[in-house]
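Below: one structure, written as structure tokens.
Throughout, read-outs are computed from the coordinates displayed, never taken from laboratory work. Keep in mind it's a predicted model, so treat the numbers as computed, not measured. Quick reminder, even Gly has a Cβ in these numbers, built from the backbone with ideal geometry, and neighbours come from all protein chains shown.
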Amino acid sequence: MQGVQLAELLAETPPGVAEALEVVGGFDAALANGLARLGPRHTEALNALAGALSASPLGTALTDASAKLAGGAIGDAELTALAGARAALLGAAHDALLTRLDGALGRSRTAWEERPAEGEPVPANLLAAARSWLRDLAIAGWLGVDDALVSAADQAVEAVWGEPRLRRLAVLLDGLAAELRVSSPVATMERLPERRWADLWTRAVLLSHSGSWTGGTTTVSGRLLPLGVDVHEHGTAVQAQLHAVLEPEGEGPVRLVRVAVAAAKVDTILGPEVWKLLTAYPTLLAALAEHRAVDVADMRLTAGGDLLWDEERAEAGEPADPFATARVRLPGAEAPAVAPLDRHPVRIAEPVLVEGYKARRDGTFDLNGEALTVDLDRLPPSGPLTAQLVTASTACIGLLRWDAGRWTLQPLAVQSTVKKQPVEAHNGDWALGPTDPKIVKAQARSGDPVAVLTERAGRLLRK
């Protein structure tokens, strides 16, 4: 990414984005307090939300919802209108930012095409049960959450888990309930994660009406060229999300795609050990560690650009340098469409190659006089990429994100100079095991927690 492109992107925030986020923040504060306890400030925030969308198809529904809420009536229709309005404002902000990014990079993007739902409708009673709990949350507000309200979700969550087509909604409800349970009573918290919980609530309300919004899948074949992997680590789960370029067989555009694989874990499995939980995907791990292409055959691709990984449809290919791919193939690759529920500024994570900059010790890249903040806190402990290598780098493959009112870069791989010698480091270099002798010795001293836990689990199953 050249200096002119970066200057165009970083020069200013698109008009209306800050105002939209301010309106969303007002609604989030009202939701935190509880829609049954609206004060003048909260009523004003709801009116601002309705005013912001007065000229949209949601305008009439929002006006009616605001009037009914003021009179104490809180039903599914009102909550759906509010959730839809909040999602619409965040979606508009997302679109403005992404359009600015695509324009700066010269990146083309596939348009979203809504596809009809397949199969039988999802049981309505399951969706209604989910909406009932979400309505109770909105009435009480986060400040009114206690153990009884959280426990009221258990029956609905269990029922939704039993329907495979509602897996996204089940995971979302289960996760939100778990966060509220460990925070209960919420009123005693010093600071509420208003934006996060409102995001989860909004998404759940919308999913509880449709059950899906995925857009369907197609099958693709071709050569997958890795760019970099983003490792998401949680106390109970780990996910490796590969960003790559897909060269399709025959005709068709070169595409940007994502591949995500995940596994459950316990909080004692940390750092490089998490890769051992993903051994069910040997072809993918080898591609990351050995910098290889992967030949895929008839693998499913979602409308949002997610390649649904199937080891049986993947075969290791020739060596493929991610930096060569970023320089030659990334500029002309077509970006995927963004699914409706994913249109949110925090979801922006676009792979880019940044070169010709001067890395500063304050965590920014100086490129032609423009400062790009580098998010060093996102560096995972499961690979060799460190803050020191980033600050000594001359080229970086990363994810361009928009966070807290500014663009940031999350490094996935860097080319650096250490002791006058060229060095490369990628997040996925240790996918088949660490290559740093110090890390290997440390693991040998501490033992293999994955092997120990696997053996104990096997022993319990045999009893």
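Side notes on the structure shown:
- Loop-located trypsin sites (Lys or Arg not before Pro) in region 299-371, at most 16 other Cβ atoms within 10 Å (DSSP): Arg360, Arg361
- Relative to the globular-protein estimate of 2.2 N^0.38 Å, the Cα radius of gyration of the chain stands at 1.04.
- Scalar couplings 3J(HN,Hα) for region 399-410, obtained by applying the Karplus form with A = 6.51, B = -1.76, C = 1.60 to θ = phi - 60°, are 9, 7, 10, 10, 9, 6, x, 8, 7, 10, 10, 9 Hz; x denotes Gly and Pro.
- Where only DSSP H runs of four or more residues are counted, the chain gives -13000 deg cm²/dmol as its mean residue ellipticity at 222 nm, each run worth -39500 (n - 2.57).
- Packing around the peptides 253-261, 393-401, taken as the average count of other Cβ atoms within 10 Å per residue, puts them in this order, highest first: 393-401, 253-261.
- The C-alpha atoms of the chain define a longest principal axis, and helix 76-105 lies at about 30 degrees to it.
- Whole-Hz ³J(HN,Hα) from phi, Karplus 6.51 cos²θ - 1.76 cosθ + 1.60, for region 171-182, glycine and proline x: 4, 5, 5, 4, x, 5, 4, 5, 5, 5, 5, 6
- Structural descriptor for region 342-426: relative contact order 31 percent, calculated from alpha carbon pairs under 8 angstrom and at least 6 residues apart.
- Distance between modelled label sites at Val346 and Ala187, nm, 7 Å Cα→Cβ extension: 2.6 nm
- A simple rule links phi to the HN-Hα coupling: the Karplus curve 6.51 cos²θ - 1.76 cosθ + 1.60 with θ = phi - 60°, which for region 194-200 gives 4, 5, 5, 5, 5, 4, 5 Hz, with x for Gly and Pro.
- Folded to 0 to 90 degrees: helix 437-446 orientation relative to the chain principal axis, Cα: 60 degrees
- Ordering Val346, Val418 from the fewest to the most neighbouring beta carbons within 10 Å gives Val418, Val346.
- With contacts taken as Cα pairs under 8 Å at a separation of at least 6 residues, the chain carries a relative contact order of 15 percent.
- Long-range HN-HN contacts of Leu412 with modeled amide H, under 5 Å: Ile397, Gly398, Leu399
- Sites excluded, GluC sites (Glu not before Pro) in DSSP loops with at most 14 other C-beta within 10 Å, longest stretch of the chain: 252-463
- Helix axis angle, 59-70 relative to the chain longest principal axis, alpha carbon, degrees: 60 degrees
- Rounded FRET efficiency, nearest 0.05, which uses the C-beta distance separating Glu44 from His234 and R0 of 41 Å: 0.65
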